[in-house]
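Student: Submitted below is the structure of interest, expressed as structure tokens.
All of the numbers you see were taken from the coordinates with simple rules; none came from a lab. These numbers come from a predicted model, not from an experiment. Cβ sites come from the backbone with ideal geometry, for glycine too, and all protein chains shown count toward neighbours.
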């Protein structure tokens, strides 16, 4: 069974093409925001996901539409790649230390979208990336993938390290959650 999805999302604010393979493959990211490219590359590499993303966004406004719409597209791709009632481990959780920073993520691929998020960033920006957009990205991702996602930056002094630890923790949690299994993990018989 191929666990892939291709998304084309075009609005007046962003034009996105995204290809996802849950079982690995090429990683090629171009969002126009260098630090965000770095975060999506880390997410794909640490999740062992094949991920190609190309975005043209209204960066003359700011980074909001590009980052949020990327979360929408990636979440939609995960939902499509998994299909309905996926036979997967469903749950995953992971801590990631990054130098002085430590982050945690836990996920339930439950078809019930909910985000619990607790992170404070000492610097407002990492390059051209607004650190407040990390929340917007993961809100859009969880809502469109149908995830219950809990994320917490335990501590840290550097916004780059905190943000990267959050993205990597989420990637590892997702990697664990989408491992195939022989039966649907639900006492209800459906997600």
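Student: For an R0 of 45 angstrom, estimate the FRET efficiency from the Cβ-Cβ distance between residue 179 and residue 60 and round to the nearest 0.05.
Tutor: Once the sixth-power term is evaluated, E becomes 0.60.
Student: So, in Å, what gap is there between the alpha-carbon centers of the range 40-64 and the range 138-171?
Tutor: 14 Å
Student: Tell me the label-point distance for the pair residue 10, residue 91, using the 7 Å Cα-to-Cβ offset, in nm and rounded to one decimal.
Tutor: The two pseudo-label positions are separated by 4.4 nm.
Student: Between residue 124 and residue 99, what is the label-point separation in nm under the 7 Å Cα-to-beta-carbon projection?
Tutor: 2.2 nm
Student: Then there's this: At a temperature of 20 °C and a viscosity of 1.002 mPa s, determine how fast the chain diffuses translationally according to Stokes-Einstein, using the Kirkwood radius over alpha-carbon pairs as Rh; express D in µm²/s, rounded to the nearest whole number.
Tutor: It diffuses with D of about 131 µm²/s by this estimate.
Student: Can you give me the distance in nm between label points at residue 115 and residue 41, each placed 7 Å from the Cα along the Cα-to-Cβ direction?
Tutor: 2.4 nm
Student: Expressed as a rounded percentage, what relative contact order does the range 63-191 have, with Cα pairs under 8 Å and six or more residues apart?
Tutor: Once divided by the residue count of the range 63-191, the mean separation gives 41 percent.
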